[in-house]
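Comments concern the structure below.
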Amino acid sequence: MSLEIYLDLFSQPCRSVYIFAKKNDIQFDYKKISLFEGYQYSEEYGKINLLRKAPAIKDGDFYLAESVAIMLYLTEKFHTPDHWYPADLQKRARVNEYLSWQHSTIRPHGSKMMWFKLLIPKAFGTEIPKEKMDNAVEDLNSSLNLFEEKFLQDRPFIVGDQISLADLVAIVEIMQPVGAGMDVFENRPKLKAWKDRVRAEIGAELFDEAHQAIFYAQEAVKTMDPEKIEHFKPKILRYFLS
Amino acid sequence: MPLELYLDLHSQPCRSVFLFAQINKIPFEFKAVDLSAGEQYGEEFGKVSIIRRVPVLKDGDFILTESIAILQYLAAKHHTPDNWYPTDLQKRARVDEFLSWQHTNIRTHGSKVFWFRGVMPAVTGAPVPKEKMDAAVEDLNASLKTFEDKFLQSRPFIIGDKISLADLVAIVEIMQPVGTGLDVFQGRPALSAWRDRVKKEIGVEVFDEAHKVIMNVDTLAQTFENKGLPEFLKLKIQRMFN
């Protein structure tokens, strides 16, 4: 029975899982889904993941959600090279530390920029009040500052000399605001150097392939059918602008 | 050099770490951090962690933040019983899945209700606007429903017959709003039964000890009156309503 991975590469956690599986030659059935079309709310998808989010995997009878849990499962099951999730107690702790911290910092702050700078104004036609926008930018900058000062420092990668799951999860999240036209690497040479290193380690081709939807986001939003995403509007506006 | 744990038991992640160490008889020095006085923003604490959050673990020269990472580290280092963080691939994945999901669900919503009911009124002298309070409680209810429908179902504990890190992290987060007088267990018999089971497994005495400060949170108003309101709190509250 094959491994099925449900993905929409517009989503950051889908990209980290996709890149990880591809990079490690893990054979899987790529189940492409569209979050903007609301597939996650279908009855069908509810059987795959009751949390109604992506990514999700189906490995025989075993269903699993949450990208961090999925990648830890895959590293263990497929015995991927140690550097992804080192067996060394302290190195592993450093990876776990980052994977935990990012949920409530880089991830939401980066996501918010995609919604605030691109999706809400262009797809929903709603302008973001200046104060909210300024706060959102400030939050992202604070997170990026902490990322550089605490998690990266002068190391080539988060945990040291080699790339790990921490760098992979970090890079896909940091790329999200880039898709909205925000150059987070401007005035951050250290961050940019790290990004280039991570992209090279992953493989430029794979990295760019995974980020296609993000690179074309500004174009795609012009041809996005407003009727299709209308159902999201109240939920999104409440979540971000209440 | 003994293990140091920097804790304030008002904080949910501090409670899970505290409880785990106690249950497993891991010797440690309790380094109290007073969050209500803004101690995490002081110079002393900044030397321990520039992230300026609790809990923090200091094991010799090794400093580690993020309760999830700390729990995983302690489980591995002290070879705690397998049920806490099983070596079985699928069981471990289930624990990881919950530990990942909870960050932006139960944790976020339980914290918000705690702030709105327990902290804001103590600071501002007035209740939070009804609409905002209702929305916060609605979000918490949605998370609790998902918790019951997906993570607990009809099992005794989240991953099956035995307690794990998932239950420990879940219980401390779910207890947060309870301290403000919102009994989330009322009308939820399955959740109540799970709470009783978890409490028993942890040990009622140590559970109650860990939750003593949160169950007495109505003394916060007096604390602020006596000690004054720290600056960070004023800013945080301003931000919450932007």
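The values are calculated or read from the model by the stated rules, or taken from the named source; none is laboratory data. Everything numeric here is computed off the predicted structure, so don't read it as measured data. Using ideal geometry, Cβ is built from the backbone for each residue, glycine included, and neighbour counts are taken over all protein chains shown. All accessible areas refer to the heavy atoms of the entire protein, side chains included, with ligands and DNA or RNA removed. Shrake-Rupley method; radii C 1.70, N 1.55, O 1.52, S 1.80 Å.
Quick one: Cα centre-to-centre distance for the stretch A:131-181 and the stretch B:69-127, in angstrom?
23 Å
Of the options B:120, B:35, B:211, report the single residue whose Cα projects farthest towards the positive end of the charge dipole of chain B (beta-carbon charges: Lys, Arg +1; Asp, Glu -1).
Sorting the options by dipole projection puts first B:120.
Please name whichever of A:210, A:182, A:48 sits farthest to the positive end of the charge dipole of chain A, dipole taken about the Cα centre and charges placed at Cβ: Lys and Arg +1, Asp and Glu -1.
A:182
Beyond a 32 Å Cα-Cα separation, which of these cross-linked pairs lie in this structure: A:23/A:47; B:112/B:227; A:47/A:132; A:53/B:130; B:112/B:200?
Going by Cα-Cα distance, A:47/A:132 fall outside the 32 Å limit.
Shielding by partners for B:59-68, please: the mean number of other protein chain Cβ atoms within 10 Å of each residue's Cβ.
4
Ignoring ligands and nucleic acids, what accessible area does residue A:225 show with a 1.4 Å probe (Å², nearest 10)?
70 Å²
Only sites in a loop by DSSP and with at most 16 other Cβ atoms within 10 Å count here; which GluC sites (Glu not before Pro) in the stretch A:99-175 make the cut?
Passing sites in the stretch A:99-175 are A:127.
Name the shape class, rounded, prolate or oblate, that the alpha-carbon gyration tensor gives for chain B, where a ≥ b ≥ c are the square roots of its eigenvalues, rounded holds for a/c under 1.5, and otherwise prolate holds if a/b is larger than b/c and oblate otherwise. Intermediate results must be reported in sequence, preceding the final value.
Working: a/c = 1.88, a/b = 1.15, b/c = 1.63.
It is oblate, given that a/c is not under 1.5 and a/b is not larger than b/c.
Mind ranking B:34, B:208 by accessible surface for me, highest first, 1.4 Å probe?
B:208, B:34
So for each of A:84-97, A:195-208 I average, over its residues, the number of other beta carbons within 10 Å; can you give me the resulting order with the highest mean first?
Top to bottom by mean Cβ count within 10 Å: A:84-97, A:195-208.
Pick out, from A:33, B:166, A:121, the residue whose Cα sits farthest towards the positive end of the charge dipole of the protein assembly as shown, with +1 on the Cβ of Lys and Arg and -1 on the Cβ of Asp and Glu.
A:121
If you count only protein heavy atoms with a 1.4 Å probe, what accessible area per residue comes out for the stretch A:79-134, rounded to a whole Å²?
Accessible area per residue, the stretch A:79-134: 42 Å².
Run the numbers on the stretch A:71-109: which residues show a drop of 40 Å² or more in accessible area, chain on its own versus all protein chains together, using a 1.4 Å probe over heavy atoms?
A:73, A:89, A:90, A:93, A:94, A:96, A:97, A:100, A:101, A:103
Taking the Cα centre of the protein assembly as shown as origin and charging only Cβ (+1 Lys, Arg; -1 Asp, Glu), how large is the dipole, in debye to the nearest 20?
In debye, rounded to 20, the protein assembly as shown gives about 500.
What accessible area, summed over both chains, is buried at the B-A interface (1.4 Å probe, Å², nearest 100)?
On the way: alone 12400 and 12420 Å², together 21790 Å².
That pair hides around 3000 Å² of surface in total.
Please state, as a whole number in µm²/s, the translational diffusion coefficient that the Stokes-Einstein equation yields for the protein assembly as shown at 25 °C and 0.890 mPa s, with Rh defined as the Kirkwood radius across alpha carbon pairs.
105 µm²/s
Taking only Cα atoms and a 10 Å spring cutoff, compute GNM fluctuations for chain A and point out the largest among A:129, A:13, A:156.
Ranking A:129, A:13, A:156 by mean-square fluctuation puts A:129 first.
How much accessible area per residue does the stretch B:37-153 have, counting only protein heavy atoms and a probe of 1.4 Å, in square angstrom?
Details: 5080 Å² over 117 residues.
Per-residue value: 43 Å².
Whenever you get a sec, compute what percent of the accessible area on the protein assembly as shown sits on carbon and sulfur atoms (1.4 Å probe).
Working: 10650 of 21790 Å².
With neighbouring chains kept in place, the figure for the protein assembly as shown is 49 percent.
With label points built 7 Å along Cα→Cβ from the Cα atoms of residue B:43 and residue B:148, find their separation and express it in nm.
About 5.2 nm separates the two model spin labels.
Name the shape class, rounded, prolate or oblate, that the alpha-carbon gyration tensor gives for chain A, where a ≥ b ≥ c are the square roots of its eigenvalues, rounded holds for a/c under 1.5, and otherwise prolate holds if a/b is larger than b/c and oblate otherwise.
oblate
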